[in-house]
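To start, the structure under review is shown below, and the notes come after it.
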Amino acid sequence: MPKYRILVVIIIFLGHSFAFGQDYPRVLFADSVLPGNYGYSLVSYSGFSWVENVKGKIPLTDTLSFTPRNALSLKYTSSIRGMWESAIYFPENRNYKLHEHDEVLSFRIYLMAGFDLQALPKIAVLQGDSCTEKITIQNSYTGRLLLGEWLHVRIPIRHFVGLDHQGSVSGIVFYQGGATGLEVVNHMLIDQIE
């Protein structure tokens, strides 16, 4: 009789784990186990624009995050004579298969003191080797844009022009938005990307 009870407990535990594991594929970034930089990211910049990076990857910060452990730290200068981009990928070549037309890209941002709102980045969705058109992060997706607090960005997936609704999402890309002076360094944190 005790063997059957152990077997029932194992089956319940595995079923419970599987049920919660169903939502995990939707999470693009919640935290990183390894410190320093996020291994499933890629940073590039040209001209007079610049993005802080650690070996070509987005740095992590463990001093302030929405979810426990850490957040992505996007610190940049946006020049009219330059361009930057920072991509975040699903880990280990995984991707997320879109299921509904009304899905939402959801993530948290924290705009540090002195952030110039005209320099908010644009964002696009990656699907394999292709990318949707860029969307500017704006009030309609965040509510009021405030510095020094976590803001919830919610962009309906249907707003991304060029998205293949039958395809899979392999990541997102933040692109340079409005240009500012070379002396302006904007800093935002990004967390809980789903």
Label model pair Ser44, Val27: point-to-point distance (7 angstrom along the Cα→beta-carbon line) in nm is 3.0
Expressed in nanometres to one decimal, the distance between label points 7 Å along Cα→Cβ at Arg81 and Glu149 is 4.0
Per-residue accessible area, 1.4 Å probe, largest first, puts Tyr175, Tyr45 in the order Tyr45, Tyr175
Working from Cα positions, state the angle (0 to 90°, nearest 10) between the long axis of helix 2-21 and the longest principal axis of the chain. 20
For the stretch 42-116, just say rounded, prolate or oblate: build the C-alpha gyration tensor, square-root its eigenvalues into a ≥ b ≥ c, call rounded for a/c under 1.5, and beyond that prolate if a/b exceeds b/c, oblate if not. prolate
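If the chain between Glu133 and Lys55 were fully stretched, how many nm would it gain, using 0.36 nm times the residue separation less the Cα-Cα distance?
Here the segment from Glu133 to Lys55 would lengthen by 25.3 nm.
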Under 25 Å between C-alpha atoms is the cut-off here; go through the chain and count lysine pairs that meet it, provided they're at least eight residues apart or on different chains. 10
Plugging the Cβ-Cβ distance of Leu117 and Glu183 into 1/(1 + (r/R0)^6) at R0 = 22 Å yields, to the nearest 0.05, a FRET efficiency of 0.85
Report Rg/Rh for the chain, rounded to two decimals, where Rg is the Cα radius of gyration and Rh the Kirkwood radius. 1.05
Just check the stretch 89-194 against the gyration tensor rule for me: Cα atoms, a ≥ b ≥ c as the square roots of the eigenvalues, rounded for a/c under 1.5, and otherwise prolate or oblate depending on whether a/b exceeds b/c. prolate
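The values are calculated or read from the model by the stated rules, or taken from the named source; none is laboratory data. Because the structure is a prediction, the values reported are computed rather than measured. Cβ sites come from the backbone with ideal geometry, for glycine too, and all protein chains shown count toward neighbours. The accessibility values were calculated without ligands, DNA or RNA, using every heavy atom of the protein model including side chains. Shrake-Rupley method; radii C 1.70, N 1.55, O 1.52, S 1.80 Å.
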